[in-house]
Every structure is written in structure tokens, then in C-alpha cells.
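Below: one structure, written as C-alpha cells.
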Amino acid sequence: MAQDDNIYYTRGMEVPETPEPGAEPDFWEKTAVVGKPSPRVDGYERLSGTAVYPADIKLPNMIYGAILRCPHPNARVKKLDAGRARQMPGVRALITGDSDEAKNLKWRYNNFTAPLLDPHCRFEGEAVAAVAADTPYQARDALAAIDVEYEVLPHLADHDRAMDENAPKVHKTGNLVGKDKYSRGDVEKGFDRADAVLERTYHTQCELHTPMELHGCVANWEGDRLTIWESSQGVYAVQSTISEVLDLPFSRVRVIGHYMGGGFGSKLQPGKYTVLAALMARQAARPVKMTLTREETYLSVGNRPASTMHLKAGVRSDGTLTALDFRCTGPSGAYPAGGTSLMDWLVRDLYQCDNVSCRSNDVYINAGPARPFRAPGHPQGSWALEQMIDELAEKTGMDPVDLRLKNIPEVSQARGGMPYTTTGLRRCILEGAEKFGWKTAVEKARQHNRSNGHVKRGAGMAACLWIAGGGGQPSTVVIRLFRDGSINLNMGASDIGTGTKTIMAQVAAEELGVRPEMIQIEHADTGTTQYATPSGGSKTVPTEAPTVRNAALEVKRRVLEMASEDLGVPAEDLDYTGAEIVSRSNKDKRIQVTEVSRLKKRGVVMGVGYRGPNPEKKTVNPFGAQFCELEVNLKTGEIRILRFVAAHDSGRVMNRLTYDNQVFGGIVMGIGFGLTEFRQLDARQTGKLCNRNWHDYKLPTALDVPADMESLPIEIDDPEANNTGAKGLGEPVTIPTAPAIANALYMATGIRFTRAPVTPIEVRRHLDLQKEV
Ligand code: MOS
């Protein structure tokens, strides 16, 4: 690469001192690249279609896999005859539960281990057998030729019936996965002190992960080394599961996941399909591509579990919360999968309250296992808590904004009073309300509703925090500076569509003085890149960005040492500008980075960065508040969202473009949760999934999303969180959306919609009920 001024941004700028080896760098007071609205470093590849996703991979001699799935929610495979299927045209591999390749293999659902191809299928869509053939159609034709005799067993589809004595048992041991309990203070005393006590039951539906890109992989063996291209949030997580199932050393399992089209938690781990692809690739001695259909993903790769939540809350007339008592039930599905995970966290921790009791029952039903889904548990708990807070506000005659402001905690009560590194909850609520024009919006809606029209208006808000974020997971990053001044960033983390690569390029660029697009990134490949945990939990940026920064600082330090030999000046006296190294005490002593002798000889300088732990006695959490204005057509039940304002404290804004994209995406997903999406099982009869495609499973489209969405970052310096100050954004942005909508719906209609999603049918059902009374 030519020594072009253009690649450096720091020429002539004052540059910060480079810290000693091992020393934690100073928090950035000012940044030149980080925080700027940088376009995606891979924008061209994504837009032009040249980005290679696992579904695009085509290898010589590749064949196509398909999985035979149980069509019943609970059934035993009595007889399976694959004789006819084996003779079908193009068939190259076939695996059943009795095949040598599969019969001793186990699959783990959390802490529950079952045979990989279990003759007892406890959910519709459980894998029974697999075929690989020359074409995808031949593979599916062959599946149809496998003769299976099932013994269909009674099924359980409704989690509220799971603990009934006569409910079908999903497992011999019964239908309870586990119970969880939390309490502080004394809720009974708290209720005694209250001026008003309210009790409500809330329901949220099962929501299905719908990433654009289907789940899938390509598996290929070279000798005893397995390479997998997987649509995944974390290549090292795939490596570890596949190694465990196939009993291979990590080093022989290479997992590559350069591009992937969304996961939202459902791609934090591989599926049985990955193992089956690997087994068939070995059997056929050919690469196998396995891409699930939308139907298969809806049945088997996870979901946000439904919930039944009971919340009792006490408040004093001045708005002090005196007690919160929360009980919830949620289904893990047919195997343990965290059916009630984190559902109670907001009740425990969002508002100041001395007396809190939470109890949850995680139960089995005959349906596909749950998986983490963008902010696991939080949108459910938020649906209950944030509507309850609104009701308490009405009861005490307070504005819902004021009632929330009255109960802002200064510490994490659920963590025994541990301080937050920073909390922007108050500012999110206050400044969000200001930006939204809360008082005016409420006034205008009320005024509008006094007229006789059948279109009513409402404004609503909800606040949130997110339990995780903050990062602190182990990570290693390598940055290499070549002798021509170009830079290579090597990290294991996946970019799940959120712009991780772009942000990491900005971080490296910030320290190394070049423009972000000058940084070439190698990532998400267990064969060639460094260790990282899966991209999830809103912790990718706060985990990886400080690691990248540390690696960049290491490169800088090494180059300064080398340059000190050329210049005869101690390294501590040198500044690194990217283009040049300059002595602070004698400006005449300077050298181009590309002229440093030892760099020229060696060809490359390498810096390794590690992620240090988060502060021990503090917790790092993102906070937020969202505000919504909408219209309801009382005749049709249709809801039109007019606008949203989302105020989020996620620490430093690393890139305003990717930041806003996260915020808007979170709102859209929250609209789906609040208004349109639900898994419909045929509970009474077959127990099968009724809405198994995009026609019947209604995702919000452009028509359901307001054009007027505003993102308001509440940027509070957080030097304690980590050396970049980012706290994590991906999940909090979808937590308060649905209850903000529900609260606005209440203002519009006078109806408390306790059951999500609020479809037009649900609106009309409530209005008809009112009429009957
Ligand atoms: Mo997320 S639910 O940690 O991908």
C-alpha cells in the first residue's frame, strides 16, 4: 500500500500517550473515529450480494441433507424402515437412530441428555432420521420414502395445564423443570403499609425466532478434521458442542461463520442438524449442506417461551412502592431450556422497592424447546411490571413518568445493593419524556378522545434495564501491522448483523491513527482467529472493543520500542500518529512507521489484546425508556403506531449509525411481540403448529412500523465499565416497547390489554365484552 496521507486521520493531531505494558489504558476523553456515524466496513459486500453466507457455500461434490421430523407433538417411533429410501435416486447417506454413526451419540438439552435420535419424540419437529442426496429435492423425496410407524401419545400444549394432576406427562418425572425463588424484605408487611394494592394476571405468547437467514451449515471432512460453515452467533460455541457430541478434540473442529443473517439468540449454539450434516458427510465422504426450511426452524430451533404472570403491587399515595409479589409460569418446551429465565428480573431490580417476592415455575410442554430470544425473559416481565406501574400511577393520581421517577433505585437491589457503574434510568425517562413531548401528547390524546370519532388516540411509556450487557467475558484479539503500514485485525467474534466488525475497526483505527476502512478484518473462524464467546447478551461490543483496544495499544508499544532504536530516543518520549513516530522533546526526531528498521526486517508487528475482568464490586447495566403514540380504530380493532421515542443509556455511543439501527430494530421486534406475533398450537386436537410460515406467522412489516421513530442516546461516560465505556445496546432496545404500546392502548380505549399480542381481534373481543356488560 502506498504511504498515502489519506489513510491516516491523525496527521498533525495531538495523540495520547501509549500506556506501559499491562497497564489499563486511560478512558477515552475524546475520540476521533469512535462515536462517528461510520458506514459498515462490509457494506459493499452486504449490498452487492458478494458476502458469502453459509447458505452460499458450494463445495465440489457437495450433497444436500434433509431431516425427517416427527409430525406429532408426542410419539414413539415403533418401527422405522429406511430400505426403500436407501434405493431412492441420488441418495448418498442415510442415518437413523439405529445407524452405527448415531446410536451411541447423545444430545444435551441444557442439563438433560438424550440419544441424538431419540425414538421417543417429545415435540413436533424432533429429528427422527436424516438423508443426504445429490440434490435437495432428492433428499426430501428420500425422506418421504422412509416408513415410520409412530405410536402417538397424549400431548400437552398448554403450560397453564402442566401441573394439573391429569395432564399428560412430558417426562416420566412429571412436568416440572424447576422452580426459582427470590425475596427481600417482607411483602406482607409491605402490602400492609400500602395505600393501594393492585393484582393482575398477565399473559404473553410464545414468539418464534425469525432471522432472515435460515439455520443451516455445510460440513466437510478432510481426513479426521471437520470443517463446518455455520450460520451462527458464535463459532467457538459451535466448536465446543460439536466436539463434545462427536468426541473430537477442539483443534480438529474448525467452525467458520463469516456472515450470518440474524439469530436473536436462536443461533447461540448449533443444532442437531449440524451433527447430522457432519455424520452424513463422513458416511458419504462428501461435503454436506444442510439448510432448514422456515417450517423446521419454527418447530425446532427455539422460541421466546410464553408466560403467565401474576403480579400484586402495593403503593403509597405519595408513589412509594411498598411491595411487589410476582409469580410466573413459563414453558421450557419438551426439554429444559429456561422457560422462566430472567422473567422476574425487572420486578427484582428496576424500581426501588424494599419488599419483593418472586416465584417461578418452569414447566414442560410437548413443543420445541425454548432458547434465549433477544433479552430473554425481560419483555415478558416488562409487559407485566410496566403495565402495573401505569395502573398504580392512575390509582394514586400520579403521572406515570413521575411515579417512575419517584422509584429510581441508586443501586442494584437484587444484587444486595451493589452499585451500578453508571445508571441513566432517570435521564432516559426525563429526557425521553421531554423529547417525546409527553405532557402535550397525553393532553392532546385526551382531548382527541373526547370527540365521538371511532379512532382513538393514546400515549404510553415504559422503562427498562437489561441484566447482562457490560461484557467482561474472556476474549483474545490479535492485531498485525504490516511493513507497508496496513493493518489486520483478527478476532473470533461473530458480526451477527449488528456492525461488530465496523465498530472494532473504528476502535483499532482510533488507536492506530488510520481510517477504519483501512483495517482488514479476519473473524469468526476457530481455525484461524482468536477465542471469543458468542455474540449475544448485548455484550459483544463491551467485551470485544476493550480487547481490540488493548491489542492496538500493544502494537503501538512494540512499534515505539523499535523506533526508539532508529531514533536513539527512549520509547516513552515517542508519540505514535499512525503515519509517523515523533519525539515529543525534539520534533526533528521523527520516522515514518514504514521506515522503522526492525518492522521492515520482520515484515509484521503483532499485538495481542486480552479482555480483563469487569469491576468486581459494581455492576454494568444498560437502561432505557420508550415512548409511544398510537391510534386505535374501534370499529376494526386495528392499531396504528404513530411514533416512538427511544431513550437509551448504553454508555458510549460507538457508532451512531449502528446504534440507531439497533434501536429501530429493537422497536420493530417489540412491536411484533406486542401486536402481531404468536405461535399457535392446535392445543385441543393435534397439538401441532398451525402457523408455520411467514403467511400465517405475522411479523411486523413496513406497514406496521411507524415512519417516525426517534433514537435518543443518553450518553453518560462510564470509565469503570471498561476502557471504552460501552455498556451494550442490542437487547434493552426491545424490552419496553410492548408495554409502552399497551399503556398507550389503555389511554386510547380504557382497556387493560393484559394478554399479548394485542391483535385487532383481541381489541374487538374486549370491546364486545364491554358491550355485553
Ligand atoms: Mo441473545 S438472546 O443473547 O442472542
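Here are the numbers:
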{"quantity": "Cα extents of segment 471-610 along the three principal axes, largest first (Å)", "calculated": "49, 26, 24"}
{"quantity": "Across the chain: Cys residues that no other cysteine approaches within a C-beta distance under 4.7 Å", "calculated": "C206, C217, C328, C353, C358, C428, C464, C628, C690"}
{"quantity": "Between segment 127-159 and segment 218-296, the alpha-carbon center distance in angstrom", "calculated": "21"}
{"quantity": "Alpha-carbon radius of gyration plus Dmax, which is the widest Cα pair, for the chain in Å", "calculated": "27.9, 92"}
{"quantity": "Where a label projected 7 Å from the Cα of S585 along Cα→Cβ would reach, residues of segment 538-564 with amide N under 17 Å", "calculated": "561, 563-564"}
{"quantity": "Radius 11 Å from Cβ of V442, net charge of other residues (Lys, Arg +1; Asp, Glu -1)", "calculated": "+1"}
{"quantity": "Signed unit charges on C-beta, dipole axis of the chain, positive-most listed residue A75, G674, P736", "calculated": "A75"}
{"quantity": "Full-stretch length increase - Q87, R294 - with 0.36 nm per residue and alpha-carbon distance subtracted", "calculated": "71.7 nm"}
{"quantity": "Förster radius 25 Å - calculated FRET efficiency between K395 and H310 (Cβ-Cβ, nearest 0.05)", "calculated": "0.90"}
{"quantity": "Rough spin-label spacing in nm, given labels placed 7 Å along Cα→Cβ, for D160 and V455", "calculated": "3.5"}
{"quantity": "Surrounding net charge for A162, when Lys and Arg each add one and Asp and Glu each subtract one, Cβ distance under 12 Å", "calculated": "-3"}
{"quantity": "Loop-located trypsin sites (Lys or Arg not before Pro) in segment 78-132, at most 13 other Cβ atoms within 10 Å (DSSP)", "calculated": "K103"}
{"quantity": "Loop-located trypsin sites (Lys or Arg not before Pro) in segment 507-611 whose Cβ has at most 14 other Cβ within 10 Å (DSSP)", "calculated": "R584, K587"}
{"quantity": "Amide H within-cut-off set for L268, under 5 Å, with H built and near neighbours excluded", "calculated": "Q233"}
{"quantity": "Computed magnitude of the charge dipole of the chain (debye, nearest 20; Cβ of K, R +1, Cβ of D, E -1)", "calculated": "1340"}
{"quantity": "Label-point separation in nm, E20 to E151, each point 7 Å along Cα→Cβ", "calculated": "7.3"}
{"quantity": "Efficiency of FRET between L176 and K435 - r from beta-carbon atoms, R0 56 angstrom, step 0.05", "calculated": "0.75"}
{"quantity": "Net length gained if the chain between D768 and T528 were fully extended (0.36 nm per residue, minus Cα distance)", "calculated": "80.2 nm"}
{"quantity": "Residue-count net charge about L634 - beta-carbon cut-off 15 Å; Lys, Arg +1, Asp, Glu -1", "calculated": "+4"}
{"quantity": "Segment 491-533 versus segment 18-35: alpha-carbon centroid distance in Å", "calculated": "17"}
{"quantity": "Under the Debye formula (equal points on every Cα, no solvent term), log10 I(q)/I(0) of segment 575-710 at q = 0.09, 0.12, 0.15, 0.18 Å⁻¹", "calculated": "-0.62, -0.79, -0.95, -1.10"}
{"quantity": "Burial ordering of V582, V477, V363, fewest other beta-carbon atoms within 10 Å first", "calculated": "V582, V363, V477"}
{"quantity": "Under Karplus coefficients 6.51, -1.76 and 1.60, residue-wise ³J(HN,Hα) of segment 191-204 in Hz, glycine/proline x", "calculated": "5, 4, 6, 6, 8, 9, 10, 10, 9, 9, 10, 10, 10, 10"}
{"quantity": "Label-to-label distance, nm, for residues given as Y610 and R643 (7 Å Cα→Cβ offset)", "calculated": "5.1"}
{"quantity": "Phi-based couplings in Hz for segment 601-608 (Karplus 6.51, -1.76, 1.60; Gly and Pro marked x)", "calculated": "6, 6, x, 7, 10, 10, x, 10"}
{"quantity": "Residue-wise HN-Hα coupling along segment 130-140, computed from phi with Karplus coefficients 6.51, -1.76, 1.60 (Hz; x: Gly, Pro)", "calculated": "9, 9, 10, 9, 4, 10, x, 5, 4, 4, 6"}
{"quantity": "√(5λ) per eigenvalue of the Cα gyration tensor, segment 70-167, largest first, Å", "calculated": "29, 15, 12"}
{"quantity": "Sorted by Cβ density within 10 Å, fewest first, the residues H72, H155, H215", "calculated": "H72, H155, H215"}
{"quantity": "Contact order relative to length of the chain, as percent, for alpha carbon pairs under 8 angstrom and 6 or more apart", "calculated": "17"}
{"quantity": "Share of alpha-carbon pairs per 5 Å distance bin for segment 389-431, given as whole %", "calculated": "5, 22, 22, 19, 17, 11, 3"}
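Read-outs throughout are calculated quantities, based only on the coordinates presented, and are distinct from any laboratory measurement. Worth saying up front: this structure is predicted, and the values here are computed from it rather than measured. Quick reminder, even Gly has a Cβ in these numbers, built from the backbone with ideal geometry, and neighbours come from all protein chains shown.
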